[in-house]
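The block underneath contains the structure these notes are about, expressed in structure tokens.
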Amino acid sequence: MPAKLTTPRLRTQIRTLTLDLDGTLLNTLPDLAAAANDMLRELGLPEYPDATIASFVGHGIAHLVARCLPEANLTEHAEALRIFRHHYTHENGRRTVLYPGVLEGLHAWQATGVPMAVITNKAAAFSEPLLVATGISSFFDFVLSGDSLPEKKPHPLPLLHACQQFGVAPGENLHIGDSRHDAAAARSAGCPVWLVSYGYSTDAPVQSVDCDAIVATLAEAAQRMING
């Protein structure tokens with residue numbers, strides 16, 4: 001008689017999972033840096049090292065471009081944003097890689113039957129193709145991008161909207177991200193929040209951020225939730 005298949009059990013209060021994209025699921029910095037420096041070269045301006053551009057990431061593309069061009073006026077910024085989008089369309093996904101433990105973690109969460117979604121400040125024109133290009137789009141029920149709603153993280157609206165779409169109370173949705181913006185959005189929405197120890201949290205170390213746990217990988221996060 002074949003062995004009975006079992007489904008891993010989750011902590012009872014968690015029914016859904018939302019995940020940040022850049023810095024949590026995917027290391028997108030090489031593509032963002034390449035596009036930013038392509039933009040700067042086209043504008044005849046000095047380039048930035050990847051580590052500097054990493055400190056500009058996390059608030060969406062408009063913020064990244066503004067940080068690259070702190071002296072630009074509105075007209076110049078709009079033109080720079082157009083140039084960046086052109087280059088990033090070409091670069092998006094070319095060098096991006098999954099962080100260690102992401103695929104294992106997603107498979108472990110999927111095995112529990114818990115629904116998952118992505119909440120990112122990246123524009124939908126880039127976030128959705130990127131999930132397809134990296135082969136992980138099928139794990140998620142939906143994606144909320146930076147231009148999906150009137151507000152984006154650290155505002156709680158994306159998390160509240162996700163909970164409504166899932167049909168769960170905020171306290172039943174675990175959010176996992178890499179920065180204080182993820183933590184602030186989750187706290188304001190009333191969701192428990194875990195942070196990964198890697199990623200782009202350059203303005204505040206995750207150890208100093210108000211969160212419920214810090215994990216080294218998404219695989220560790222899944223095991224901690226399954227095993228209690």
State the number of residues belonging to segment 200-228 that are modelled with pLDDT under 90, among the aliphatic types (A, V, I, L, M) and within 14 Å of A111 (Cα to Cα).
-> 2
Name, by its number, the condition in (1) touching a strand residue (DSSP E or B) at 6+ places or on another chain (Cβ under 7 Å); (2) surrounded by 15 or more Cβ atoms within 10 Å (Cβ to Cβ) that does not hold for R180.
-> (1)
Residues (among the hydroxyl-bearing types (S, T, Y) and in contact with a Lys or Arg (Cβ under 8 Å, 6 or more places away or on another chain)) located in segment 127-178 = S145
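The values are calculated or read from the model by the stated rules, or taken from the named source; none is laboratory data. Bear in mind the structure is a predicted one, so any value in this text is a computation, not a measurement. Counting neighbours? That spans all protein chains shown, and the Cβs are built from the backbone with ideal geometry, glycine included.
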